[in-house]
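The structure appears below as structure tokens.
The values are calculated or read from the model by the stated rules, or taken from the named source; none is laboratory data. Quick caveat, the model's predicted, so the values are computed rather than measured. Cβ placement follows ideal geometry from the backbone for every residue including glycine, while neighbour counts extend to all protein chains displayed. Note: accessible area is taken over every heavy atom of the protein model, side chains too, but ligands, DNA and RNA are not part of it. Shrake-Rupley method; radii C 1.70, N 1.55, O 1.52, S 1.80 Å.
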Amino acid sequence: MCLKTHESFVTDQESFLKHHKLFSMLICEIYDLLTLYQPSPLSSEEIFENLTPFLQSRIRFVLNHEPHAHHFFIDEQAIIHYIMQLLTNKISKIRSTSKGAYYIDPVK
């Protein structure tokens with residue numbers, strides 16, 4: 001996949017989540033979870049299980065009822081992984097490992 005196509009696809013993924021009112025809620029909840037469980041890494045599955053029931057249901061609803069959802073995300077963990085990668089790229093205190101993402105607090 002060429003770089004321009006990849007960037008366009010990532011933008012489309014973000015637009016898809018924003019259209020379904022998931023983007024901001026996921027950013028906030030995942031960031032809060034990472035800071036709450038610091039310094040333990042959380043996998044995509046663990047993060048999804050710790051989201052509020054409303055957000056879990058909303059993600060499942062969008063994936064099951066939106067015809068183009070599987071074009072952007074295979075499952076719930078793909079959405080969580082996408083947001084985790086955004087947070088890792090934008091916030092220097094969030095790191096990613098093979099076990100998941102975690103928040104580091106240099107003060108502690």
Checklist outcome for this item: Note on the chain: contact order normalised by length, alpha-carbon pairs under 8 Å, 6 or more apart, percent, works out to 33 percent
Item to check | Backbone HN-Hα couplings from phi across region 48-55 [Karplus 6.51/-1.76/1.60, Hz, Gly and Pro as x] | outcome: 4, 5, 9, 5, 4, x, 4, 5
Item to check | Sum of -39500 (n - 2.57) over DSSP H runs of 4+, divided by residues of the chain (222 nm, nearest 500) | outcome: -20000 deg cm²/dmol
Next on the checklist: Just to be sure I understand: with springs between alpha-carbon atoms less than 10 Å apart, which residue in GLU14, GLU66, GLU45 has the highest mean-square fluctuation in the Gaussian network model of the chain?
Outcome noted: GLU66
Checklist entry - Of the listed peptides 69-76, 86-93, what is their order by residue-averaged count of other C-beta atoms within 10 Å, with the highest listed first? => result 69-76, 86-93
Next on the checklist: Taking all protein chains in place and a 1.4 Å probe, what share, in percent, of the accessible surface of region 27-100 do carbon and sulfur account for?
Outcome noted: 55 percent
Checklist entry - Just the accessible area per residue of region 42-104, please: how many Å² with a 1.4 Å probe? => result 57 Å²
Checklist entry - Can you give the alpha-carbon Rg of the chain over 2.2 N^0.38 Å, where N counts its residues? => result 1.08
Checklist entry - Could you give me the ³J(HN,Hα) list for region 29-46, computed from phi with Karplus coefficients 6.51, -1.76, 1.60 and θ = phi - 60°, whole Hz, x at Gly and Pro? => result 5, 5, 4, 4, 5, 5, 6, 5, 8, 4, x, 6, x, 10, 7, 4, 5, 5
Item to check | Karplus (6.51, -1.76, 1.60) ³J(HN,Hα), θ = phi - 60°, over region 14-26, in Hz, Gly and Pro reported as x | outcome: 4, 4, 4, 5, 5, 4, 9, 6, 9, 4, 5, 4, 5
Checklist entry - Looking only at HIS65, HIS20, HIS81, which one moves most when the chain is put into a Gaussian network model with springs between Cα atoms under 10 Å? => result HIS65
